[in-house]
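Colleague: Following this message is one structure expressed as structure tokens.
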Amino acid sequence: MLDGNSTKYTSSSGFAGGKFPCEWTITFNKVYRLKGIRFKLYDGDSRYYRYAVATSPDGKKYSPLVNCNQGKWRGWQA
């Protein structure tokens, strides 16, 4: 996850990461109607990633939204 600065990949540039495999939960303070979700997977070398996105209005019951567990994913995802 980025804070909007995608020109640098340093610990002070505001990105989130973790040891793999990992799971991230993003919690908003209220329910929002989103038009889209966009994030950037690290693309500074030849590594690739697989991921899934699920959403929940109550933080308890999640519904799958995107399943990219196959293939090689890098760069911007929408």
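The values are calculated or read from the model by the stated rules, or taken from the named source; none is laboratory data. Note that the structure is a prediction, hence the values are computed from the model and not measured. Don't worry about glycine lacking a Cβ; one is built from the backbone with ideal geometry, like all the others, and counts go over all protein chains shown. Each accessible area value is taken on the protein alone, full model and side chains, heavy atoms only, with ligands, DNA and RNA left out. Shrake-Rupley method; radii C 1.70, N 1.55, O 1.52, S 1.80 Å.
Colleague: Are there any pairs with C-beta distances below 9 angstrom linking a residue in the range 51-64 that is more than 17 Å from Leu41 (Cα to Cα) and assigned to a loop (DSSP other than H, G, I, E, B) to a residue that is modelled with pLDDT under 90 and open to solvent by less than 50 Å² (accessible area, probe 1.4 Å), with the two at least 6 apart or on different chains, and if so which?
Modeller: Tyr62/Ser56
Colleague: Out of the range 47-64, which residues are open to solvent by 100 Å² or more (accessible area, probe 1.4 Å) and modelled with pLDDT of 85 or more?
Modeller: Arg47, Arg50, Lys60, Lys61, Tyr62, Pro64
Colleague: Moving on. Hey, does the range 3-23 have a residue that's of a type in the set (A, V, I, L, M, F, W, C), loosely packed, with under 10 Cβ neighbours inside 10 Å, assigned to a loop (DSSP other than H, G, I, E, B) and at pLDDT below 85?
Modeller: yes
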